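Asks: Take a look at the following structure, please.
The values are calculated or read from the model by the stated rules, or taken from the named source; none is laboratory data. In this text the structure is predicted, and so the values were computed from the model without any measurement.
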Amino acid sequence: MQAIDAVKPGVRYRELGNIIQKHAQANGFSVVRSYCGHGIHKLFHTAPNVPHYASEYYPNIWIFLFMNKYSSMSQGFLYCIH
């Protein structure tokens, strides 16, 4: 619930990843880097991708070009955080 509580306009996606990874590790778990939260629109899985781990940049170049480390949550968007 810590990541959900942090969701609000202006919060950087990578900050959510930091919260999720720290919580998982504090409880003896790790995150799966090939899965991520995402936006919801007409298609269920849509941009933006919200990583579940602490990272300054996203793992693949397309995502990095689309949304760099400064990308943040916006009012009116729907997000699915797994």
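Asks: If we only count helices (runs of 4 or more DSSP H) wholly inside the chain, which ones have 3 or more residues that are modelled with pLDDT of 75 or more?
Replies: 2-6, 13-26
Asks: Is region 10-23 home to any residue that is under 14 Å from Cys80 (Cα atoms) and acidic (Asp, Glu)?
Replies: There is no residue in region 10-23 that is under 14 Å from Cys80 (Cα atoms) and acidic (Asp, Glu).
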